[in-house]
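Written out below as structure tokens is the structure these notes cover.
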Amino acid sequence: MAAAGCEAIDVSIDSPTGSPGVGAPAADSGEEAAALLDQLTVAAAGGMQGYNRDRFSHWTSAGSNCDVRDTVLERDGTAIELDGCNVVGGEWLSAFDGKTFTNPRDLDIDHIVPLANAWRSGADEWNDDQRREFANDLERPQLIAVSASTNRAKGDQDPSQWQPPNRDYWCQYAQDWITVKHYWELSVTEPEKATLADMLTTCP
């Protein structure tokens, strides 16, 4: 939710194919996620030629002196303290490692599907406007406030290469990863798909 005095960010997004993503399914259970996973294209990871994080412009403005980072910090925290639209304090539980933080500087905003991974799985064919929308997607479970240490340990790795240290979060992580890739029509590698399926077995 935007703080008082901040404009609401426009997060209406069209899918990469050009057709609106209205009604695109989201994985709300392990079974639903498994069904979406089976619909994903399996392909070898593409190359990194032409990749630059600047091609995924973020964070976009969400009002005077605040941006999507502040929006996610406010959404994911409690007892939020604001200076204008900037989040300067609060309390956050980092789902990746189960640790609690009170200083927003100790947090990163993680892209569940990393930008470089998206590039290797189809985003290299998008235009820069589509990449900007992906990098700032507040409608899908693509952005989450987590400890800086876990975000940086993850880097651009897919679930076959890195999983959150907090195993209790594996079910949600896999559901979110699949939801994002399904909506944005991104491919998965064979090891990535197999690992996601294994992570879904932790769902209740």
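The values are calculated or read from the model by the stated rules, or taken from the named source; none is laboratory data. Note that the structure is predicted; figures quoted are calculated from it, not measured. Counting neighbours? That spans all protein chains shown, and the Cβs are built from the backbone with ideal geometry, glycine included. The accessibility values were calculated without ligands, DNA or RNA, using every heavy atom of the protein model including side chains. Shrake-Rupley method; radii C 1.70, N 1.55, O 1.52, S 1.80 Å.
Modelling each spin label as a point 7 Å along the Cα-to-Cβ direction, I'd like the D83/N52 distance in nm, to one decimal.
It works out to 3.2 nm between the two label points.
Tell me the net charge near K181. Cut-off is 13 Å between Cβ atoms, K181 excluded, with +1 for each Lys or Arg and -1 for each Asp or Glu.
With Lys, Arg at +1 and Asp, Glu at -1, the neighbours total -3.
Round to the nearest 0.05 the FRET efficiency obtained for D129 and A194 when R0 = 35 Å and r is the Cβ-Cβ distance.
So, using R0 = 35 Å, E works out to roughly 0.55.
Once you list every other residue whose beta carbon is under 11 Å from the beta carbon of Q142, what net charge do they have if Lys and Arg are +1 and Asp and Glu are -1?
Taking every other residue near Q142 into account, the sum is -3.
Quote to one decimal, in nm, the extra length available between E31 and E91 on full extension: 0.36 nm per residue of separation minus the C-alpha distance between them.
Result for the pair: 18.4 nm of gain on full extension.
Work out the length of the dipole vector of the stretch 106-183 about its Cα centre, built from +1 on the beta-carbon of each Lys and Arg and -1 on the beta-carbon of each Asp and Glu, and round it to the nearest 20 debye.
In total the dipole reaches around 260 debye.
Could you work out what % of the accessible surface of the stretch 69-204 is carbon and sulfur, using a 1.4 angstrom probe and leaving DNA, RNA and ligands out of the count?
The C+S portion of the solvent-accessible surface of the stretch 69-204 is 42 percent.
In 10 Å bins starting at 0, how do the alpha-carbon pair distances of the stretch 124-165 split up by percent?
All Cα pairs, binned at 10 Å, distribute as 23, 42, 33, 2 percent.
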